[in-house]
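Trainee: Can you read through this structure? Questions will come right after.
Just so it is clear, none of the values below were taken in a lab; they were calculated from the coordinates. As the structure is a computational prediction, the values presented were derived from the model and not from experiment. For neighbour counting, all protein chains shown are included, and Cβ atoms are generated from backbone atoms with ideal geometry for every residue, glycine included.
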Amino acid sequence: MSILSASLPSRRLFGFPIHAATMQQAVALCERTIARREHLTVGVVNVAKIVNMTRDPKLAEAVLSSDLVLADGIGVVWASRLLRAPLPERVAGIDLFENLLAMADRRGFSVYFLGATQEVLDEVLHRVLAAYPGLSIAGSRNGYFNDDEAETVAEDITRARPQILFVGITSPKKEIFLARWGHRIDVAVCHGVGGSFDILAGKVRRAPRSWQRWGLGWLYRVLQEPRRMWWRYLTTNTAFLGLLIRELWARRAGGAR
């Protein structure tokens, strides 16, 4: 764990430690990490990922190898409050991504983009440079590579010498890649941004802020792709509710003894 991130408090939820950090604290931590030439891998969890972590020990191990684990989903924040281990706020991975882009542009830090299809990646680069004309882009690569190519990808990133790496690959490949190579790549901050490239490129629409505040981002995704997404969200949301009920029961039973 990074010495800097160790200074942040954490909450143990569903057996997993999650840092109790605000967006402002997370961005400041990344900025200090770069300034001190240290290393920080950022991981994020939402309802679906917590459910999958309880089912997949390799995913759980990969996520927990991150130096900083943040609550990406409002459902996780609400659950933390019900469990009386409150997290201060949601730190969405895409919002952190955009904040770090702005910080990199302001401070002159270089960035690398890894992930998505080449078409989506090209559109991301086009839009990012339109928003931040002075941003230093050290390099980019699409996310379509097999396990045998991962080491070469990591070496290419190291040679590019970025200060921030954004990994726009789906879970669990993203987490496993960062767990294995994150500390070997000579990059100060590694942030797994998942599907953020698709949103930034305009391929997927993000839920309006009002929907996000009420925890309905998942419903907005279902309405966009009902055939593909409805079953996924039904199963993960139901499973998370079961985890929450069991956790509440266990904590109350423990308090009664």
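Trainee: Indicate, rounded to the nearest 5 percent, the antiparallel portion of the DSSP beta bridges found entirely in the chain.
Mentor: Values: 4 of 25 bridges.
If we restrict to bridges inside the chain, about 15 percent are antiparallel.
Trainee: Below 8 Å, C-alpha to C-alpha, sequence gap of six or more: please give me the relative contact order for the stretch 64-103 in percent. Can you show the working numbers first?
Mentor: Details: 25 pairs, mean separation 15.1, N = 40.
Worked out over the stretch 64-103, it gives 38 percent.
Trainee: To continue, here is another question. By the scheme Lys and Arg +1, Asp and Glu -1, what is the net charge of all other residues having a beta-carbon under 14 Å from that of PRO133? Write out the running numbers ahead of the final one.
Mentor: Working: positive: ARG106, ARG127; negative: ASP105.
Summing Lys/Arg as +1 and Asp/Glu as -1 gives +1.
Trainee: Also: List the relative contact order of the chain as a percent without decimals, with contacts defined as Cα pairs under 8 Å and 6+ residues apart.
Mentor: Numbers: 397 pairs, mean separation 54.5, N = 257.
Relative contact order here is 21 percent.
Trainee: Using a Gaussian network for the chain with springs between C-alpha atoms less than 10 Å apart, which of these wobbles most: TRP211, TRP181, TRP78?
Mentor: Of the options given, TRP211 has the highest mean-square fluctuation.
Trainee: Ok, one more. Show me, for the stretch 103-118, the HN-Hα J-couplings you get by feeding each phi into the Karplus relation (A = 6.51, B = -1.76, C = 1.60, θ = phi - 60°), rounded to Hz, glycine and proline as x.
Mentor: 5, 5, 4, 5, 9, x, 7, 8, 10, 10, 10, 10, x, 6, 6, 5
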